[in-house]
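The values are calculated or read from the model by the stated rules, or taken from the named source; none is laboratory data. A quick note: this is a predicted structure, and the numbers were derived from the prediction, not measured. A quick note on method: Cβ atoms are made from the backbone with ideal geometry, for glycine too, and the neighbour counts reach across all protein chains shown. The accessibility values were calculated without ligands, DNA or RNA, using every heavy atom of the protein model including side chains. Shrake-Rupley method; radii C 1.70, N 1.55, O 1.52, S 1.80 Å.
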Amino acid sequence: VDAIVTAPTNAGLAAGTPRAPPPARDGSDSRRRGRAMRGIFDQHLLLLHKSLDFRTRRNNVLASNIANVETPGYKAKDLVFERALGEAMQANEPGPLEVTHARHLDGRQAVPLSTVQPHLIRTSNPVGNADRNSVDLEREMVKLGENQVVYQALAQMVAHKFAQLRLSIRDGDV
């Protein structure tokens, strides 16, 4: 069966019905959409993404510690992220110097959120073992459980953020 495809017509529009203006040919329409998309996928979503990535990486480090609990000489490790993350979140706050151009420095030493990375550190066991293994199994299990709870909370926040976006798209209201 051959189907005939026809272009939509204006026959269904009532006289005097306003129509959307044609898109601008100077590219301003796409720039406007780009700004709108950056507004939708804002710093909060980037923060959630970075935090989920950190929690995943930390989970692997903590699991490695637990797996090596009986390895002689193994030194427990952990990932730290919160301090660098806090500093990056303050990157949007004004610095102590007045800025007259977008490319001027404002005296802050903060790095952008998109470039923040966790730091791998060695953790110590105050009790110590005869085989110089620094893994405290109970402490590692507590850290792993806490990490998993925070990961689940972050995942729920991402799901909620996207549910809000779906609702906004469907209802056309923010």
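The mean accessible area for residues of the range 112-161, using a 1.4 Å probe and ignoring ligands and nucleic acids, is 67 Å² per residue.
Each label was represented as a point 7 Å from its Cα along the Cα-to-Cβ direction; for A130 and I66 these points are 2.7 nm apart.
Once both labels are positioned 7 Å from their Cα atoms along Cα-to-Cβ, the gap between A153 and E138 label points is 2.4 nm. Taken along the Cα-to-beta-carbon direction at a fixed 7 Å, the label points for N59 and R170 span 2.8 nm.
What is the sum of charges around F162, taking Lys and Arg as +1, Asp and Glu as -1, for the other residues whose C-beta is under 14 Å from the C-beta of F162? Every neighbour counted, the sum reads +2.
In this Cβ point-charge picture (+1 for Lys and Arg, -1 for Asp and Glu), the range 112-168 has a dipole of about 300 debye about its Cα centre.
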